[in-house]
Amino acid sequence: MSKVCLLLLILNVVGMVSCMEQPPKQSRKQQGHQERLVKREVDLIKKNDHKIREYYRELAEVGLDGVTVMPIDKKVEYTDLAVELNFEILKRMGFQPVSDVVAQKALKKYYNIDISERNNSLFKKGLRRYVFKDGLPQERLEQRRSMDDGATETLFCFWYRNIFVPKYNYIIFHPIIEGAIDLEGFDDEDADNNVVKKGKLSYRTDEDLFYKNQFIFHDSKAALIWLMNNNRNFLRELFQEYGYDKSDVINKMMIDEVKGEEELPIGKEYKELFVSKAVDGRLLIHQGLLQYMLKHADRKNLYYCMLDEYLFSLLDMENEPEFDNLTKEERYKAGAYIGYYYGLMYEKCIGTPCDNQGFGYALYYQKDFVPFIKKNNYFHLKDFDKIIQRHYDRYQEGVEIERHRMSGEEGVSKLIHPLFVLPLPCLRHNSLFTAAMLLISYKMIYWALNSLYKLV
């Protein structure tokens, strides 16, 4: 009896284990859905088998320029197919399509673009909306013209542009068939006709395409990490050309790339960190970056010094008449925003070994700077008027102290122009030696002028 009970117990345990090892059974609905997906993926290649092979045959003839130099009818036909095939890749890699509303919000967030605008406005801003056969006839015709050889070197060119594909709601750069489909054994330098006819066709894996779309449409942190490691140019483009400055990770990346490990850059060496030009020429002030710097500024990271250095050159209209292709108005606008955050950082970073006071200099000497800011309602920046007054007074005090130090006698003071007596702190933070030499030179100049006055 005990042996029978033991046997039954063993059988029960084995049964339980076997059940645990088996994957959960799918419902008929789930199974049917998966079968339809697989069938659709297979069918898409099978359905277009002849067209795909025909494309590869022509690709072998035209060489590296690919579809861009094929006849216009072929360009249109092959690109229509390419956008479908690339979407299949995304789905196979796990990309979940989003609604039109979600897609529109995502493009507004990352590209600062309203995708509902007409294409003749969108492409000027650096993004094109793909137009299918059933799209607006005029836009379809304009897209066809943009693919032609005559447009290859112009703003209107279709190729090598960021393209948003509606209906599927994804973005792609330069959609081409060979980017989506692999023809086994194909060599574009020596195309074997037998390979073109009978070579196996299969989907490629495009991680770059996948992670870009995961980041834009799903705010994926994993995608951001991958892009940081594999395609920083994409993130840099979002920041500089479209003004996306809402990511702490990207902001720090941009700061670190400019700052480096050596001495801080000066003037134009900041490139497009604080301000840049959009694709359509609009001025982009990276206020999100400035907010990030304000939040994290301390005496060690020298964020305050970076703003100080940049303002020193940006607002020096006399010695820097040309600065990063910015107009005077653009320089004043950028200087106002950056000066605002510089002012907010001041109390936080007192004691930092830098103080060029370029912002104070512009407020004090450039008589049209403050009226410009007032005219623009202080750019709706909280308490900006108080910050301006504080730094004006600080600079004025420095000028008066230096003037008093160097004047000595009335005759000497008359010989010294007010622009000469800039406050001593107007120095590069990275050179204590320069500071010492300038202090000595001030005393020597005073001594020389004083002696000259006595001789006269």
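The values are calculated or read from the model by the stated rules, or taken from the named source; none is laboratory data. Everything numeric here is computed off the predicted structure, so don't read it as measured data. Here the Cβ is made from the backbone with ideal geometry for all residues, glycine too, and neighbour counts use every protein chain on show.
Taken as a whole, the structure places Tyr56 among residues that are modelled with pLDDT under 95, assigned to a helix (DSSP H, G or I) and of a type in the set (Phe, Trp, Tyr). Looking across Glu257, Glu241, one residue alone is outside any loop (DSSP other than H, G, I, E, B) and within 21 Å of Gln104 (Cα to Cα). It is Glu241. For Lys108, the test of being closer than 15 Å to Asn162 by Cβ and at pLDDT 95 or above is passed.
Under the condition of being at pLDDT 95 or above, among the polar types (S, T, N, Q) and buried (at least 21 other Cβ atoms within 10 Å of the Cβ), the residues counted in region 331-389 number 0. For region 229-272, filtering for residues that are out of contact with any strand residue (DSSP E or B) (no Cβ under 6 Å at 6 or more places or on another chain) and either within 25 Å of Glu322 (Cβ to Cβ) or among the hydrophobic types (A, V, I, L, M, F, W, C) (or both) leaves 25. Taking the criterion of being exposed (fewer than 15 other Cβ atoms within 10 Å of the Cβ) and in a helix (DSSP H, G or I), the residues of region 93-108 that qualify are Asp100, Val101, Val102, Lys105, Lys108. Name the residue that is nearest to Thr79 (Cα to Cα), counting only residues in region 119-140 that are part of a helix (DSSP H, G or I) and hydrophobic (A, V, I, L, M, F, W, C). Looking at residues that are part of a helix (DSSP H, G or I) and hydrophobic (A, V, I, L, M, F, W, C), I get Phe123. Of everything in region 168-218 that is among the small types (Gly, Ala, Ser) and not in a helix (DSSP H, G or I), the residue that is nearest to Glu237 (Cα to Cα) is Ala180.
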